Amino acid sequence: MTAHAAVGAPGAGLGKRLRRAKDHGGSPRLTPLWTFVAWLATLAFFAPVAWMVLTSFHQEADAATNPPTPFAPFTLDQYATLLGRDITLFLVNSATASVVSTLLVLALAVPAAYALSIKPVEKWTDVMFFFLSSKFLPAIAALLPVYMIVKNVGMLDNVWTLVVLCTAMNLPIAASRSTSALIAAGVGGRPVCRPAL
């Protein structure tokens, strides 16, 4: 046996280890360390949600303490106050803003995506980048200018302002994803990928 044959390829042993680690379903088993890391990441992402739910069961004075006290007495007073009011108008406003803005986004994004997939413009990746680049700006950075414009136009405290803002925020990403889906489906000519069946 030569020295080259004894050393082998750099990743040769990895394939054997993965094949041995496969269970009856054919997927490699997770080591306890990766399982622990996955659970730790899941808990880290879930912690803010759990904190908000936990805080909703505290009195306002307990929720505002610094440092926070997670073991303050629990109460349902905040929920009783909320449900004791008439919240129908708030629910109707939320439903109106979400449904109408979604319909507007679809009505504007699908024709734009169809046009871009039938006759792609030159450097269409630049067009897609333009659509996606509008998501680079954090929404909080645009808050003050948008507030000043809405205030000067006289549309503060109006559900249709929210419809316009939600439509403007979601339209670029919907147009880019719809264009990619139509191009992959072959609407504009030959498909980028083969059919699955």
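Got a sec? Which residues in region 42-74 would a label at THR81 touch, if it sits 7 Å along Cα→Cβ and we count backbone N under 16 Å?
Answer for region 42-74: 55-65, 73-74.
Just to be sure I understand the model, the point goes 7 Å from the Cα along the line to the Cβ. What's the resulting LEU40 to LEU89 distance in nm?
5.0
Quick one: ASP126, ASP157, fewest Cβ neighbours within 10 Å first, how do they rank?
Working: ASP126 11, ASP157 7.
Final ranking by Cβ density, sparse to dense: ASP157, ASP126.
Applying the Karplus parametrisation 6.51 cos²θ - 1.76 cosθ + 1.60 with θ = phi - 60° to the phi angles of region 44-57, what ³J(HN,Hα) value in whole Hz is obtained for each residue in order, glycine and proline being reported as x?
5, 6, 7, 4, x, 5, 4, 5, 5, 5, 4, 5, 5, 9
Please give the charge dipole size of region 88-185, origin at the Cα centre, charges +1 on K and R Cβ atoms and -1 on D and E Cβ atoms. Round to the nearest 20 debye. Mind dumping the intermediate values first?
Numbers: 5 positive and 3 negative charges, 19 e Å.
In total the dipole reaches around 100 debye.
Label ALA168 and PHE71 with points 7 Å out from Cα along Cα→Cβ: what is the distance between them in nm?
Roughly 4.9 nm, to one decimal.
If you count, for each residue, the other Cβ atoms within 10 Å and average over each peptide, how do 95-101, 78-84, 130-136 line up from highest to lowest? Write down the numbers at each step before the final one.
Numbers: 95-101: 15.0, 78-84: 10.3, 130-136: 12.9.
Result, highest mean Cβ count within 10 Å first: 95-101, 130-136, 78-84.
Read the figures in this text as sums done on the coordinates, not as results from a lab. All values reported here derive from a predicted model rather than from experimental measurement. Heads up, the Cβs are rebuilt from the backbone with ideal geometry, glycines too, and the neighbour counts pull from every protein chain shown.
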